[in-house]
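> Got a structure for you, questions after.
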Amino acid sequence: MLEEGPSWEDKPLHGMYHRNITEVADLNKSYQWLERAGLKDSTEALILAAQEQALSTRAIKAQIYHTRQDPRCRLCKEAPETVQYITAGCKMLAGKAYMERHNQVAGIVYRNISAEYGLETPRSKWETPPKVVENMRAKILWDFQIQTDRMVMANQPDIVVVDKEQRKAVVVDVAIPSDGNIRKKEHEKLEKYQGLREELEKAWKVKATVVPVVIGALGAVTPKLEEGLRQIPGKTSEISVQKSAVLGTARILRRTLKLPGLW
């Protein structure tokens with residue numbers, strides 16, 4: 001009888017993603033985009049290849065294929081060019097590519113809040129929302145620096161929504177880190193905005209809540225994401241923000257690695 005070989009989860013490269021997220025993610029939900037997001041086959045294949053370290057990054061060429069390729073990132077030359085580094089670590093991508101992906105996710109949440117309160121929504125998903133919109137029912141701030149009596153360092157979250165009738169405020173901040181860091185990032189966001197939450201409660205006489213919206217660059221989500229989204233006015237589904245994050249990552253990989261049309 002043949003002995004069973006190691007499962008794919010135990011393989012150094014192909015199993016790395018699964019091992020990295022096992023302790024921090026809701027595994028079923030982290031893979032739900034495969035069934036529910038309606039992505040093109042080529043995009044699904046690209047993200048799965050990225051998860052399995054099967055893309056020809058410079059680090060893979062140098063360390064696995066043993067070529068003479070410089071393993072450092074082609075853009076910043078500061079670290080080995082791995083999938084994780086390209087999708088969430090390179091400072092050269094932080095200003096535009098990561099921000100574009102981040103704003104697409106935040107924009108979904110924003111448009112759903114706007115619709116909930118009958119406020120005007122941006123016409124296109126690429127349109128930047130106005131800094132402040134308001135009606136009798138609610139006020140929404142987008143990337144707005146909030147002045148408080150006591151100085152707090154973190155005073156410019158992605159979205160703040162104030163429900164005037166219920167005297168409630170929700171502070172929303174989005175992050176798309178490496179998948180193994182999703183739980184850590186979620187905790188960081190919660191801690192980061194506690195000072196602002198306290199100041200808003202005092203100054204605006206509201207009950208304030210901080211909700212981090214954190215999705216891994218390759219789709220991993222924590223068990224708390226769905227619960228957090230339910231605390232935000234409007235109906236934002238987990239799959240909608242997860243799909244947006246994954247699509248943003250696919251764009252980053254295609255551009256950076258100059259992948260052929262198949263991807």
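The values are calculated or read from the model by the stated rules, or taken from the named source; none is laboratory data. None of the values given here were measured: they were computed from a predicted structure. Virtual Cβ from ideal backbone geometry, glycine too; neighbours counted across all protein chains shown.
> Do the conditions hold for Val133, that is, is it surrounded by fewer than 22 Cβ atoms within 10 Å (Cβ to Cβ) and modelled with pLDDT of 95 or more?
It is true that Val133 is surrounded by fewer than 22 Cβ atoms within 10 Å (Cβ to Cβ) and modelled with pLDDT of 95 or more.
> Can you tell me which residue among Glu201, Glu188, Glu165 is without any contact (Cβ under 8 Å) to a residue 40 or more places away in the chain, more than 19 Å from the chain's Cα centre (by Cα), surrounded by fewer than 23 Cβ atoms within 10 Å (Cβ to Cβ) and not in a loop (DSSP other than H, G, I, E, B)?
Glu201
> Among the numbered criteria (1) buried (at least 20 other Cβ atoms within 10 Å of the Cβ); (2) under 17 Å from the mean Cα position of the chain (by Cα), which single criterion is violated by Gly95?
Of (1) buried (at least 20 other Cβ atoms within 10 Å of the Cβ); (2) under 17 Å from the mean Cα position of the chain (by Cα), only one is false for Gly95: (1).
> Restricting to the range 133-152, name every residue that is in contact (Cβ under 8 Å) with a residue 24 or more places away in the chain and of a type in the set (A, V, I, L, M, F, W, C).
Across the range 133-152, the qualifying residues are Met136, Ala138, Ile140, Trp142, Ile146, Val152.
> When the range 49-107 is examined, which residues are found to be part of a helix (DSSP H, G or I) and of a type in the set (D, E, K, R)?
Arg58, Lys61, Lys91, Lys96, Glu100, Arg101
> Here's a follow-up. Given the criteria part of a loop (DSSP other than H, G, I, E, B) and not aliphatic (A, V, I, L, M), does Gly234 qualify?
yes
> Suppose we filter the range 98-129 for residues that are more than 17 Å from Gly234 (Cβ to Cβ), surrounded by fewer than 18 Cβ atoms within 10 Å (Cβ to Cβ) and either among the aromatic types (Phe, Trp, Tyr) or in the same structural domain as Val162 (by TED's automatic domain parsing) (or both); how many remain?
Total meeting the criteria: 5.
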